[in-house]
Amino acid sequence: MTYYQLTRGESAALAAIGAERGRQVEKWGDQPGRSPVEWIAIATEELGETAKEANDLHFAPPPRGSNQEIVYALDIAEATAARMRTELVQLAAVCLAWAGHLYTETR
């Protein structure tokens, strides 16, 4: 079996997903027995929030004007990218929980 060497970014993402999964369990519990419809609804909600941030970042007006206006626009883009990363981590944690339940409940 060949093992894939994670990139630094992927390792950081996996750590963030694990931490987020812990926060989700603290907030809502483990939630065994959810139906596929419930899991897909939760995942879709998180995907929608991720898509909103991606759209905000992609369709943001390009920075122009004074240096202060350019710095402000870049700060907004950086904050939007951070929110998108947060939403993507939340989505991945939900998908991890769902997949984990499938591995334990269907075997």
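The values are calculated or read from the model by the stated rules, or taken from the named source; none is laboratory data. If you're wondering where the values come from, they're calculated on a predicted model, not measured in any experiment. Cβ placement follows ideal geometry from the backbone for every residue including glycine, while neighbour counts extend to all protein chains displayed.
Listed values, structure above:
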quantity: Residue check, LEU91 modelled with pLDDT of 95 or more and not hydroxyl-bearing (Ser, Thr, Tyr); calculated: yes
quantity: Every residue from the range 19-63 that is at pLDDT 85 or above, of a type in the set (S, T, N, Q) and more than 18 Å from ALA82 (Cβ to Cβ); calculated: GLN24, SER35, THR44
quantity: Qualifying positions in the range 5-35 - more than 16 Å from ALA92 (Cα to Cα), of a type outside the set (Ser, Thr, Tyr) and surrounded by fewer than 14 Cβ atoms within 10 Å (Cβ to Cβ); calculated: GLN5, LEU6, ARG8, GLU26, LYS27, TRP28, GLY29, PRO32, GLY33
quantity: Residue count for the range 18-39, restricted to those that are over 15 Å from the mean Cα position of the chain (by Cα) and not aromatic (Phe, Trp, Tyr); calculated: 13
quantity: Tally of residues being closer than 29 Å to ARG34 by Cβ, among the hydrophobic types (A, V, I, L, M, F, W, C) and touching a residue at least 24 places away in the same chain (Cβ under 8 Å) across the range 50-107; calculated: 12
quantity: Residue list for the range 6-18, filter: among the hydrophobic types (A, V, I, L, M, F, W, C) and under 17 Å from THR86 (Cβ atoms); calculated: ALA12, ALA13, LEU14, ALA15, ALA16, ILE17
quantity: Unique match (being surrounded by fewer than 16 Cβ atoms within 10 Å (Cβ to Cβ) and not hydroxyl-bearing (Ser, Thr, Tyr)) among ASP56, ASP75; calculated: ASP75
